[in-house]
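Participant: I am attaching a structure below and will ask some questions about it afterwards.
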Amino acid sequence: MRLNCPCCGPRGVEEFTYRGDATLRRPAPDAAAPDWVDYVYLRDNPAGWHRELWYHGAGCHAWLVVTRDTRTHEIADVARAVDIARHGRENTGS
Amino acid sequence: MTLFGRKTAAAPRTGGGNGVDPARVIHFTFDGVRYPAHPGDTLASALLANGQRLAGRSFKYHRPRGILSAGPEEPNALVELRTGARREPNSRATVTEVYDGLVACSQNRWPSLRMDALGVNGLFSPIFTAGFYYKTFMWPAPFWEKVYEPLIRRAAGLGRAADEADPDLYEKATTFCDVLVVGSGPAGLAAALAAGRSGARVVLCEQDSVTGGRLRAERGELDGVPGWQWARQAMDSLRQMPEVRIMTRTCVFGAYDGGTYGALERVADHVAMPAAGQPRQRLWRIVAGRCIVASGGIERPMVFVGNDRPGIMLAGAVRTYINRFGVVPGRRAVIYTNNDDGLRTATDLAHAGAVVAAIVDTRATQTARATQVARETGAKLFTGGAIAATYGRLGVQAAAIRDRSGRVQHIACDLIAMSGGWNPELSLTTHHGAKPSYNAALCAFVPTTFPPGMQAAGVANGAFTTAACLREGAEQGQAAAAACGFAADLPALPAADAESYGIESLQPLPRDRSVKDGKAFIDFQNDVTARDVRLAAQEGFRSVEHLKRYTTLGMATDQGKTANVNGIVQLAQQTGRDIASTGTTMFRPPVQPVAIGAIAGAHTGTHFKPTRLTPTHEWARQQGAAFTANGLWQRAQWFAQPGESHWRDTVNREVRTVRTAVGFCDVTTLGKIDIQGPDAATFLERLYVNAWRKLPVGRARYGLMLREDGFVFDDGTTARLGPQHYVMTTTTAHAGAVMQHMELCHQWLWPELDVHFISVTDEWAQFAIAGPRARDVLRHVVDPDFDLSHEAFGYMGAAEVTICGGQAARLFRLSFSGELAFELAVPARYGDALARLLMKVGAPYGIAPYGTEALGVMRIEKGHPAGPELNGQTTAHDLGMGRMLSGKKDFIGRAMAARPALTDASRPTLVGLRPVSPSDELVAGSHLLPRGAEATGAHDQGWISSAAWSPTLDGWIALGFLSDGPARHGETVMVHNPLAGSVVAATVGPPVFLDPEGARLHV
Ligand SMILES: [Zn+2]
């Protein structure tokens, strides 16, 4: 598998570390316990498109939000996590 | 006629062959006998040239087996190559290039290939029927262990691996291209020509040593020249194209995600020994915009009783041996075919001087082509006939042919060339899970869906004539280049001879009485017969995937390349389905076997993972240090001196030196992260559980990090060097993970924080200089304008200083040992010099280096948690640091750490332990039990995490986690070591054994 890092260009998957679901949002510090349990422990396992965090540890050290089809490994989009964190969250309605 | 002057009637060299050099003779040995060959021969062609039809014994029944094919699909002729450390089992003779001095041995035979005692396995054959592994496991265990397992192991070997380490080098490489073409037959060459002339970067991979594919195996002409000559011209054209790379002996074995392909290049398998520094094999990762699979086809055997005798070969392979290698595999042949393509073999055999005794054509209607070939070759034609049986102990001597009226006649022959039609070699197209579709007109599975970026062309795509292969290859090559942004016209294509195929249907083995007792093999490598498939279906294994697992059909080195479709045909009949709805099994990488050595590449032995060396490594080695692995790091474990007979003597001395004089230790391996920016303090507040805003410039502080689930992640000290400048240390083990965590926090959680950080672990060599005389030593190192006094530079001080007359350095008053101590950091390149300087200037104070073992003893004496305590399962509360958690700010792990269960008093909590009897040793990993309790899990109250002999306290000490620990100081518990079966009594106390007030620090 290859990921097209916005900073470095297309690179082999061995340069990256997978973390997981990029749709989770860290609850507010005073959020209720069930919100924290959801955030820390509970994960969906979608068959299909998934937005997930990858880390370009052997490259630019950017965290990336990768939109991937878990059935085919097709990659629809790779974006810098920091850009989504700064600008994209308003659009995703979190 | 015969080149080598052999007198046997089987001496088969024609003197021709487009792929061998008949002018040169080389020699090889097979089972100890020396034979001649020509450069260009495979082991199979050379064995056939020498009349050696018997190549091995079969897996289960030890039946004599010969060479079936002329390519990588070979199921039978598996041999051991070379000797000693280079011995390699299960090598296919059909793709093994002969070099002068090659040593090959047959497998699976004892005592010899011709006289195999285990051939009597035929008598035991009922136990080897479908599912025999599963069924034999059902027998009583002793019977299995004592009788069947030894029998099967003896009987069912598949060669012997080398007993020694592989002495050869293997390499990995990556290349990129626009168009990858797999295969160099007519379709692949046309594709490469079309793509190459557009200027696209093209990689053409051919698994064979020579290019041309079937053009080398056939006598057909292209534009009036033999096909193989046209192929050579095409290769010349390709070599003129600067962006075209041709890789022979390179098998593309897997299609992976994102246009990534795995390929194995056999760099030096065709020579006796690789040249110095040359790898034997190279594993390629090829990243391609488009891929054209032009991998040709694989011929199907016919399924009939006795179809496995040496001398029974695929018809196409017979043509390969005649036309490419100049070897006629038999003098008197029978052709057994269900299509016109098999008839070509009759023509080529007759042309090469062999007798074609009979053509047995299963098709009910006599075709024009069959009539013509029979007339031209003088063969007796059996239209609608079948071979009912074969005869010959070590090789076929006769065939029993049943004509359409049912009458059987026996015809003497030493060769049966069979063609059940061709399967597209479409393995690569299915690696992403696509299933091919059955094309009833072609009687073959053809690819219909492809991984992204892949196409197939030629026979691999179901185009079964040379003209169609050329056309389709060119069109696909042009399209693939265009898809990558390169446009070009189609190349001019040569005119090819007209060809007919005329296959009508695939028929299972007829079920009649005459074949009841014979074995008709479907999978030659696994000895799976038509009857095994029937039996499996009767027992309910009706899915092709179940059939494969139950009978082993399609497993092992050839992955059923010649067997799968015949198995499906048989299963379809048995289950009353057609072939299309019976389906096919999935192919997975690799298409051909890939040696583990090639996959490992250079990552063997000490190269398996990188080794990180500290700046003082060479100096420490000169001091005679013993080293220990700490993650990737090599760290000095202790520095033995003459007269010290046991490592513990050394460690005790090192500890005493620090406690009474001064020692130093390289602590470079601790992670170091430089953090700067207006929001640096806020960032630290959110990373660590404790407060950071009020830390003054010039001071350091201990910090504890949690994971978001509330458990302890890491600890270390962070110093403030300037208003917006901090330098953090992490544990050696978590240096990378902490960095990654910080990146996530900054980029994903809190991008609004104006802070930047970078790992500087490798930039700074850092030393702990510890002991009552530490300051005295440092006065010789640190430039005198810096005041080292306790009053000016107290405990937890941090400063940027100069040493040795102006060299910038960083100085911290940190102590892991509990003594007056400093950590001095210098640019990494000065680490070695600083160690030597410390030895010199520290000598008058009795300085000695100490290693990780003494470091560990002293931190246990001081109750500092380290790796065994920060094991990912402990909380701040467990470590006695619950009060550090700030209630005034948000930080990672705060919410989850507040869960009641994580602060429950009954949780095992950090304590110190000393044995009641001073002679009792405490061992890490031991369980803690209440006094008098039985040593069972139900009574388990905790464990010892770290233990050491303390020379300072003159006794064993340990850190451990004990349920409700802080409330139990003074209590005696039992320490149970289940490995040693020992139980000793120990007294619980605080985890700090030495100087709990910290008096030694504050001087
Ligand atoms: Zn990157």
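Where a number appears in this text, it was derived from the coordinates with a stated rule and is not lab data. Here the structure is a predicted model, which is why all the values come from computation and not from measurement. Positions of Cβ are backbone-derived with ideal geometry, glycine not excepted, and every protein chain shown enters the neighbour counts.
Participant: Net charge near B:ARG836, counting Lys/Arg +1 and Asp/Glu -1 over other residues with Cβ under 14 Å of its Cβ?
Facilitator: 0
Participant: Can you list the residues, at least 5 places off or on another chain, whose amide H is less than 5 Å from the amide H of B:LEU102, using H built in the peptide plane?
Facilitator: HN-HN under 5 Å from B:LEU102: B:THR29.
Participant: Here is a follow-up. Let me know the Kirkwood hydrodynamic radius for the range B:812-910, please, with Cα pairs as the basis and the value in Å to one decimal.
Facilitator: Final number for the Kirkwood radius of the range B:812-910 is 17.0 Å.
Participant: Could you give the length gained by full extension between B:ASP163 and B:ALA901, i.e. 0.36 nm per residue of separation minus their alpha carbon distance, to one decimal place? Intermediate values should be presented prior to the final figure.
Facilitator: Numbers: separation 738, 0.36 × 738 = 265.68 nm, distance 5.46 nm.
260.2 nm is the gain from fully extending B:ASP163 to B:ALA901.
Participant: Here is a follow-up. Kindly list the residues of the range B:757-779 that lie in the label zone of B:VAL841, defined by a backbone N under 20 Å from the point 7 Å along the Cα-to-C-beta vector.
Facilitator: Inside the label zone: B:764-779.
Participant: Now a separate question. So which trypsin sites (Lys or Arg not before Pro) in the range B:488-548 are both in a DSSP loop and have at most 15 other Cβ atoms within 10 Å of their Cβ?
Facilitator: B:ARG511, B:LYS516
Participant: I want to check the label-to-label distance for B:ALA580 and B:ALA933. Put each point 7 Å from Cα in the C-beta direction and report it in nm to one decimal.
Facilitator: Label-label distance for B:ALA580 and B:ALA933, simple model: 7.0 nm.
Participant: Also, I was wondering about something else. DSSP beta bridges in chain B, what fraction antiparallel, as a percent rounded to 5? Present the calculation step by step, with values, prior to reporting the outcome.
Facilitator: Numbers: 132 of 180 bridges.
Given both bridge residues lie in chain B, the antiparallel proportion sits at roughly 75 percent.
Participant: Pop out the ³J(HN,Hα) list for the range B:81-89 in order, Karplus 6.51 cos²θ - 1.76 cosθ + 1.60 with θ = phi - 60°, rounded to Hz; leave Gly and Pro as x.
Facilitator: Values per residue, Gly and Pro as x: 10, 6, 9, x, 5, 9, 5, 9, x Hz.
Participant: Based on Cβ point charges of +1 for Lys and Arg and -1 for Asp and Glu, what charge dipole magnitude is obtained for the range B:315-421 about its Cα centre, in debye rounded to the nearest 20?
Facilitator: Using Cβ point charges on Lys, Arg, Asp and Glu, the range B:315-421 gives about 140 debye.
Participant: If you don't mind, there's one more thing I want to ask. Using a 7 Å offset from the Cα along the Cα-to-Cβ direction at both A:ARG25 and B:ASP403, what is the distance between the two label points in nm, to one decimal?
Facilitator: Here the modelled spin labels are 8.7 nm apart.
Participant: Shifting gears a bit: For B:TRP422, what is the net charge nearby, where nearby means another residue's Cβ is under 11 Å from its Cβ and Lys, Arg count +1, Asp, Glu -1?
Facilitator: Surrounding charge for B:TRP422 is -1.
Participant: Considering the zone a paramagnetic label at A:CYS7 would reach in this model (a point 7 Å from Cα along the Cα-to-Cβ line), which residues of the range B:697-737 have amide N under 17 Å from it?
Facilitator: It comes to B:736-737, nothing else.
Participant: Also, quick follow-up: Once the Cα atoms of helix B:186-196 and of chain B are each reduced to a long axis, what angle between those two axes, in degrees from 0 to 90 to the nearest 10, is obtained?
Facilitator: Once rounded, the angle reads 50 degrees.
Participant: Multiplying the sequence separation of B:MET555 and B:LEU744 by 0.36 nm and subtracting their Cα-Cα distance, what value in nm do you get? Write down the numbers at each step before the final one.
Facilitator: Details: separation 189, 0.36 × 189 = 68.04 nm, distance 4.54 nm.
The B:MET555-B:LEU744 span can extend by a further 63.5 nm.
Participant: At q = 0.04, 0.05, 0.07, 0.08 Å⁻¹, what base-10 log of I(q)/I(0) does the Debye formula yield for the protein assembly as shown when every alpha carbon is treated as an equal point scatterer in vacuo?
Facilitator: Here the Debye-derived log intensity ratios amount to -0.32, -0.48, -0.83, -0.96.
Participant: Taking R0 as 56 Å, what's the FRET efficiency between A:LEU42 and B:GLN372 from their Cβ-Cβ distance, rounded to 0.05?
Facilitator: On the way: r = 74 Å, r/R0 = 1.31.
E between A:LEU42 and B:GLN372, to the nearest 0.05, is 0.15.
Participant: Something else now. Be a star and scan the range B:826-842 for residues whose amide nitrogen sits under 14 Å from the point 7 Å along the Cα-to-Cβ vector of B:GLU763.
Facilitator: Residues passing the 14 Å test: B:826-829.
Participant: Explain nothing, just compute: Karplus ³J(HN,Hα) = 6.51 cos²θ - 1.76 cosθ + 1.60, θ = phi - 60°, for every residue of the range A:14-26 in order, whole Hz, x for Gly and Pro.
Facilitator: 5, 7, 10, 10, 8, 10, x, 3, 9, 8, 6, 10, 5
Participant: At a Förster distance of 22 Å, what's the computed FRET efficiency of B:ARG779 paired with B:THR660, Cβ-Cβ distance as r, to 0.05?
Facilitator: 0.70
Participant: Continuing with the same structure: So what J values fall out for the range B:92-97 if you push phi through Karplus, 6.51 cos²θ - 1.76 cosθ + 1.60 with θ = phi - 60°, rounded to Hz, Gly and Pro as x?
Facilitator: Each residue's phi maps through the Karplus curve to give 7, 4, 6, 10, 8, 7 Hz.
Participant: Answer rounded, prolate or oblate for the range B:671-759, using the Cα gyration tensor with square roots of eigenvalues a ≥ b ≥ c: rounded when a/c is under 1.5, else prolate when a/b is larger than b/c, else oblate.
Facilitator: Because its axes are fairly even, with a/c under 1.5, the range B:671-759 counts as rounded.
Participant: Taking H as built 1.01 Å from N, whose amide H comes closer than 5 Å to the amide H of B:ASN630, not counting residues under 5 places away?
Facilitator: Amide H to amide H, under 5 Å and 5 or more residues apart or across chains, B:ASN630 pairs with B:ARG635.
Participant: Still on this structure, I have one more. Looking at chain A as a GNM with Cα springs under 10 Å, which of A:TRP49, A:TRP36, A:TRP63 has the largest mean-square fluctuation?
Facilitator: Among A:TRP49, A:TRP36, A:TRP63, the largest mean-square fluctuation in the Gaussian network model of chain A belongs to A:TRP36.
Participant: Among A:THR23, A:GLY48, A:ALA81, flag the residue with its Cα farthest along the positive direction of the charge dipole of chain A, charges on Cβ as +1 for Lys/Arg and -1 for Asp/Glu.
Facilitator: A:ALA81
Participant: Pull up all non-local amide H partners of B:CYS443: gap of 5 or more, or a different chain, and H-to-H distance under 5 Å with H placed in the peptide plane.
Facilitator: The list, which skips near neighbours in sequence, is empty: none.
Participant: At R0 = 30 Å, how high is the FRET efficiency between B:GLU921 and B:ASN871 if r is their beta carbon distance? Nearest 0.05 is fine.
Facilitator: On the way: r = 22 Å, r/R0 = 0.74.
E between B:GLU921 and B:ASN871, to the nearest 0.05, is 0.85.
Participant: Suppose each label sits 7 Å from its Cα in the direction of the beta carbon; what would the B:ALA487-B:HIS546 distance come out to in nanometres?
Facilitator: According to this spin-label approximation, the distance is 5.6 nm.
Participant: Counting DSSP beta bridges with both partners in the protein assembly as shown, what percentage is antiparallel, nearest 5?
Facilitator: The answer is about 75 percent antiparallel.
Participant: Another one. Pull out the extension gain between B:LEU953 and B:ARG693, defined as 0.36 nm times the separation in residues minus the alpha carbon to alpha carbon distance; nm, one decimal.
Facilitator: 89.7 nm
Participant: Also, quick follow-up: Does the range B:599-717 classify as rounded, prolate or oblate by the C-alpha gyration tensor (a ≥ b ≥ c root eigenvalues; a/c under 1.5 gives rounded; else a/b over b/c gives prolate, otherwise oblate)?
Facilitator: It comes out oblate by the Cα gyration axes.
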